[in-house]
Amino acid sequence: MKKYHYETVAGIFVLVGLLCVGYLVVQLGDVRIFGKDSYTLSARFTSVSGLRVGNPVEMLGIEIGQVESLEIDQKNQVAVVTLRIKKGINLYDDAMASIKTAGLIGDRYIGIDPGGGGEILKPGESITETESPVDIEELVKKYAFGEVKK
Amino acid sequence: MNMTNWKNRNDVPRARWPLIHPLGKGMIRLINYLGAVSIFMGKSLFMIFQPRQVPLIIEQVYSIGARSALIVLLVGLFTGMVLGLQLFHTLVKFGSAGVLGSAVALSLVRELGPVLTAIMVTARAGSAMAAEIGSQRISEQIDALVTMRIDPLRYLVSPRIAASIISFPLLTALFDIIGIIGGYITGVMLLGVNAGAYFYRVRSSVEMEDITSGFVKAVVFAVIVSTICCFQGYFTHMQKDSYGAKAVGLSTTSAVVLSCVLILVADYVVTSLLM
């Protein structure tokens, strides 16, 4: 058997290594090579407690995007969340965004009810109907001090 | 780079202060050493971009990178398998065995991948660098190179540093992926974590920052390991208490020990800087 030339082996090594780097970066690091396959929408919440940049946005339980940024609108005293949504998924202007928790102690995510009537939201527009996360401590406090009326 | 010149001067007064004197002596020696290493590294890094270096670099990529791939694969596989096993038994107590994928992938990509790869390559290739250059030094081959007007830093050291900078990140990527597969083998195939959940967790938890910080570490370790190993070999003849073959042995040992310690120290520093 002819021994492979060391340059060939080095070449194979570099190629395999680069494939691994590529896999890590593209698959795990979620780097978009082809760029514009998404658009952004914003939503205003009174509280985004527990939400972080990169948390998933789900519609009907299917992931359709991510939280891109979290900012404070000081004039109106609300938190502005920018959502990056996959292209091709249309939301209507009566869509509702709510912050939910996966499981009891799981990560926060944004659940979207797409709505049905009216105009389709264009990139950069905002979702008006929102629901802030349920504060379990607050609920327990209300229950303990008997403020829950039913 | 004559680092021990000051020691032989006779006009240095004798020590009066039993504690202060050795402290100063040690400090001066340390600073001398650091300076020598920095100049050595700077010159060699500069030499990488000189013409006709590519064939030498390819040869070193073969001996540092390609020939370390097998051991890195083996160590990566077993590290991933052990992580899968250990973390499973911890996570299952909290009823969250599903996040096994996150735990394995994050600890591999951020920490264990770069560090263990660097240590394995130090053991395999770093020791070889120190021994090879060291024996070239004691058999006066480096002096012969100088006689022929070939810069030994350019011919011997800078291809090794360049090849390390190329190889370390690639080997780290190999380690990460094979480690995640190792975690899959124990976690999913042996212990019965859901396969879909495992890979979903791996994908959702690893961010681009984790991957870049892993590669930054790999490059830092590459520079440290190759510089230290070449430096120790290159100055084999400067060993204080030994010469000849014994000095080569000592250089190799100190190169490996120093590299491993510096890898772990640099790991802490880089991690705290990147956080």
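Points worth noting:
- Estimated distance in nm for a label pair at A:I72 and B:A195, the labels positioned 7 Å out from Cα along Cα-to-Cβ: 4.8 nm
- The calculated FRET efficiency for the pair A:V80 and A:V134, based on their C-beta separation and a Förster distance of 22 Å, comes to about 0.60.
- Three-way shape label, segment B:162-207, alpha-carbon gyration tensor, a/c 1.5: oblate
- In nm, spacing of pseudo-spin labels at B:H89 and B:R52 (7 Å Cα→C-beta vector): 6.0 nm
- Taking other Cβ atoms within 10 Å as a rough exposure proxy, B:L170, B:L116 sort from fewest to most as B:L116, B:L170.
- CD proxy at 222 nm, helix term only [per DSSP H run n ≥ 4: -39500 (n - 2.57); per residue of the protein assembly as shown; nearest 500]: -17000 deg cm²/dmol
- Helix axis angle, B:20-47 relative to chain B longest principal axis, alpha carbon, degrees: 70 degrees
- Each Cα pair under 8 Å and six or more residues apart adds its sequence gap; the mean of these over the residue count of chain B is a relative contact order of 30 percent.
- Angle between chain B longest axis and helix B:245-274 axis [Cα atoms, degrees, rounded to 10]: 50 degrees
- Listed residues A:Y39, A:Y23, A:Y109, most fluctuating in chain A (Gaussian network, C-alpha, under 10 Å): A:Y23
- In this rough spin-label picture, where each label sits 7 Å from Cα along the Cβ direction, the A:F145-B:T147 distance is 9.2 nm.
- Residues of segment A:67-97 with an amide N closer than 20 Å to a point placed 7 Å from the Cα of A:I120 along the Cα-to-Cβ direction: A:83-97.
- A:D135, A:D94 arranged by Cβ crowding within 10 Å, fewest neighbours leading: A:D135, A:D94
- Charge context of A:I120, other residues only, Cβ under 12 angstrom, K/R +1, D/E -1: -3
- Cα-centred dipole magnitude for the protein assembly as shown, charges only on beta-carbon of K, R (+1) and D, E (-1), debye, nearest 20: 1900 debye
- Scanning chain B for trypsin sites (Lys or Arg not before Pro) in DSSP loops with at most 15 neighbouring Cβ atoms within 10 Å leaves B:53-148 as the longest stretch between them.
Each reported figure results from applying straightforward, stated rules to the coordinates on display, with no laboratory input. Source: prediction; values computed, not measured. A quick note on method: Cβ atoms are made from the backbone with ideal geometry, for glycine too, and the neighbour counts reach across all protein chains shown.
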